[in-house]
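Since the structure comes first, as structure tokens, the remarks are kept for the end.
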Amino acid sequence: MAAASNVRRRALVTGGASGIGAAIVRRLSADGLDVVCADLQAEAAQRVAESCGATAVVLDVCDFARVQAEVARLGPFDVLVNCAGVDQHAFFTKTGPADWRRLLAVNLEAVLNTTHAVLPAMQAQGYGRIVNVASEAGRLGSRGGSVYAAAKGGVMAFTRSIARENGRKGITANVVAPGPIDTPLLRQAVHAGGERLLGAMTDATLTGRLGTGEEVAAAVAFLASDGAAYVTGEVLGVSGGMGCGA
Ligand SMILES: NC(=O)c1ccc[n+]([C@@H]2O[C@H](COP(=O)([O-])OP(=O)(O)OC[C@H]3O[C@@H](n4cnc5c(N)ncnc54)[C@H](O)[C@@H]3O)[C@@H](O)[C@H]2O)c1
């Protein structure tokens, strides 16, 4: 989805150094947006940015003050895509508060940090697109990923609330909920849970295969486009039908 021909939209993509986020950085850049690729991983972010003419920035999205400072330095942004995330495969009783804090900080609280930083300028200009990459786990729950699922479900409720607060200000807020997508994060979960986990994830889709980062990026690109102005507060599964009926 191309941005309006006379306006070069500026986008902030978190978690842009790897997997789905990298595919989003490349896709939005190819669509003509001016993209900032923010990630903890400096070299990987730089590589992705250089491959598509984006700008890389090292940023811990859990650090509220740093997020505010980088958005003030690099913004204002027309588009925010929250894609940074971490997962941990373990049954709930095998985890403790330190695990919960890390999962909630990256997968939920960071979305609050970036949204809080970009929204005032979006409100002032009367235009904004916020796309949050959650997970089907946020609707369906996840065996071995309870706190991750709680965070992703929280992202869905938060996104709908932002959509409600900003719908009359030209700002949309939507969620893309991936199913199993072949990325380093998925491979790490499979490593922890064994090959049977990968089989179970694949079987849970209607398509019988893993998705690609590019397939998620296509959905994000639509929701981030000028043309998606009448789509807000939605959760779009990109999951081979895993979440159908949820
Ligand atoms: N891969 C899947 O099957 C799948 C399924 C559902 C949802 N998701 C979600 O999609 C998103 C991307 O996942 P992925 O599979 O591409 O993972 P990935 O591990 O390949 O990429 C995640 C990126 O987030 C970055 N990141 C982590 N913590 C950060 C922090 N504090 N500050 C800045 N950057 C940080 C990492 O450095 C990494 O580059 C995540 O939100 C994940 O929960 C993935």
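The string of couplings for region 42-47 from the Karplus curve (6.51, -1.76, 1.60, θ = phi - 60°) is 5, 5, 5, 4, 4, 4 Hz, one whole number per residue in order, with x for Gly and Pro. When peptides 52-62, 66-76 are sorted by average Cβ neighbour count within 10 Å, with the highest value leading, the order is 52-62, 66-76.
With the charge dipole of the chain set up from +1 on Lys and Arg Cβ and -1 on Asp and Glu Cβ about the Cα centre, the Cα lying farthest toward the positive end among the listed residues Ala219, Pro178, Val111 is that of Val111. Computed from backbone phi with θ = phi - 60° and the Karplus coefficients 6.51, -1.76 and 1.60, the 3J(HN,Hα) list for region 151-157 is 5, 5, x, x, 4, 5, 5 Hz; x is used for glycine and proline.
Placing +1 on each Lys and Arg Cβ and -1 on each Asp and Glu Cβ, with no other charges, gives the chain a dipole about its Cα centre of roughly 400 debye.
For Gly144, the amide hydrogen comes within under 5 Å of the amide hydrogens of Phe92, counting only partners 5 or more places away or on other chains and with H modelled in the peptide plane.
For Gly128, the residues whose modelled amide H falls within less than 5 Å of its own, excluding neighbours fewer than 5 places apart on the same chain, are Ile171, Thr172.
Remark on Gly237: its backbone amide H falls under 5 Å from those of Ala177, a criterion applied only to residues 5 or more positions apart or on other chains, H modelled at 1.01 Å from N. For region 79-139, the list of chymotrypsin sites (Phe, Trp or Tyr not before Pro) that fall in a loop by DSSP and count at most 14 other C-beta atoms within 10 angstrom reads Phe91. For the Cα atoms of the chain, what angle does the longest principal axis make with the long axis of helix 19-30, in degrees from 0 to 90, nearest 10? It is inclined by approximately 30 degrees. Packing-based ranking of 193-201, 238-246, 109-117 yields 109-117, 238-246, 193-201, ordered from highest to lowest mean Cβ neighbour count within 10 Å.
Phi angles of region 73-89 translate, via the Karplus equation with coefficients 6.51, -1.76, 1.60 and θ = phi - 60°, into HN-Hα couplings of 6, 9, x, x, 10, 8, 10, 10, 10, 8, 10, 4, x, 9, 10, 8, 8 Hz per residue; Gly and Pro are given as x.
Just so you know, all these numbers are worked out from the coordinates, no wet-lab data involved. Fair warning: this is a prediction, and the values are worked out from it, not measured in the lab. Don't worry about glycine lacking a Cβ; one is built from the backbone with ideal geometry, like all the others, and counts go over all protein chains shown.
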